[in-house]
Amino acid sequence: MEQPKSRKSASAGSSRARSKSPGVSKSRAPKASSPKEDKEEISTKQVKSGSKPKTPKRVKKEAPTGDVLSPEERLASDQRAKTSLLLGIIVPWLIAPLFGVTFEGFADSFLLNLPLVPADNDSLMYLVALVMVLSTPHVFYFWTWTNSATWSKMCHKRGLEPFKAFAMCAHFIKGAQFLVLGLWARLYISDPLALLKAMHPLKAVLILQLFGIGQLLNVQVYQKIGEAGVYYGTRLGIHVPWVYGFPFSVVPHPQYFGATLSFWGFFLLIQTPETVQNGLYLLCAVMAAFYAFSSWVEANL
C-alpha cells in the first residue's frame, strides 16, 4: 500500500545522502586554472562589461642627486678633482714655451693703457642700457628667492611646477641677455675672424681656461644637485639633498663663480681697442658684482 512506497522513497533519499558524503563521493576536485586561462577569463569579462584593461602606471625615475659617496670616497674624489683642475691650469703655461710661444706682448694684449669709460654720450647710453639688461636675471633671482611663496602660488594657479617655470623664465632671460651682449659687441667689431687671427696664443689659452673651468663648474653643479637644486627647488617645495663634495668643496657658490669665469672668458674673446674704450672692463666688474650679490642673497636671506 502506501507505506512501502514511503519506505522506498526514504531509502532512496538515504542513498542519495550517502552519495553526497565526502567519504563516498567519487567527484573530482576542481582543476586549477593556469595563469593564461585566468588572463583570458579576465579579458572576456572586461569585453562583456565594456571596460578597458588597466595598464600599470610607469613611475618616472629621477636622477640621483646629493652625496652618494661615503666620506672617505668623497675625500678621495675631491682630491682627484682638485689635482686635475690644478694641472689643467698650470700645465698649458708650462708647455707653451716648448711650442715656441713666448710671453712677449702678452701683457700689452690686454690694452690696459686705454681709457676704460666711454668718452661720448651715445656709447655711454649703450653701456648703461646693456648693464640694465645684464642685471635682469639677478633682479629676477632676488625677487623669486625672497618671494618664493608668491611665485609658487602664481605657478600652482596655472598648473605649473614652480621650479620648472622658474627655469624656463631664467633660460629665456639668459637668451635675451646673450643676444643683447652680442649686438653690443657687434657695434665695435667689424671683422671677428681677423680678431681671432691676431690674438696672442697665451691669451687664447687664458680664454679657453676661463670658459672651460667655468663650464666645468656649472656642469658639475647640475650633476650633483639637478635642475631642481639649481633653480631654487629648495625654496619652491622640492627636497634637494645637501652636497659637500666637488665642486662645492672647491669654491663657495660654484655655479655663480663658474658663470663669472665664463663671462670673463667671453669678454676677453671680444676684446678690441674699441670695446675696451667703450666699457668692456667695466662690464667685467659689473658682472662679477652681480654674481657676488646673488651669492650673498642666497647665503644670507
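The values are calculated or read from the model by the stated rules, or taken from the named source; none is laboratory data. Note that the coordinates shown come from a computational prediction; the quantities given were computed from them, not determined experimentally. Cβ sites come from the backbone with ideal geometry, for glycine too, and all protein chains shown count toward neighbours.
Have a look at 226, 258 and point out the one that is touching a Gly at 6+ places or on another chain (Cβ under 7 Å), modelled with pLDDT of 90 or more and either in a helix (DSSP H, G or I) or of a type in the set (Asp, Glu) (or both).
Going through 226, 258 in turn, just one is touching a Gly at 6+ places or on another chain (Cβ under 7 Å), modelled with pLDDT of 90 or more and either in a helix (DSSP H, G or I) or of a type in the set (Asp, Glu) (or both): 258.
Only one of 101, 117 is at pLDDT 90 or above, among the β-branched types (Val, Ile, Thr) and either assigned to a helix (DSSP H, G or I) or farther than 30 Å from residue 232 by Cα (or both); which?
It is 101.
Considering every residue within the stretch 229-239, establish whether at least one is part of a helix (DSSP H, G or I) and not hydroxyl-bearing (Ser, Thr, Tyr).
Yes - at least one qualifying residue is present in the stretch 229-239.
I'd like the full set of residues that are touching a residue at least 12 places away in the same chain (Cβ under 8 Å) and either over 30 Å from residue 124 (Cα atoms) or of a type in the set (A, V, I, L, M) (or both), limited to the stretch 178-207.
Scanning the stretch 178-207 gives 180, 181, 185, 187, 189, 195, 199, 201, 202, 205, 206, 207.
Considering only residues that are closer than 20 Å to residue 286 by Cα and not in a loop (DSSP other than H, G, I, E, B), which ones fall in the stretch 104-114?
Hit for the stretch 104-114 is 110, nothing else.
From the list 210, 301, 280, exactly one residue is surrounded by fewer than 17 Cβ atoms within 10 Å (Cβ to Cβ), in contact with a Phe, Trp or Tyr (Cβ under 7 Å, 6 or more places away or on another chain) and either touching a residue at least 12 places away in the same chain (Cβ under 8 Å) or among the polar types (S, T, N, Q) (or both). Which is it?
301
From the set of residues in the stretch 104-145 that are polar (S, T, N, Q) and within 36 Å of the chain's Cα centre (by Cα), which is nearest to residue 166 (Cα to Cα)?
Step by step, filter the stretch 104-145, then rank; the result is 144.
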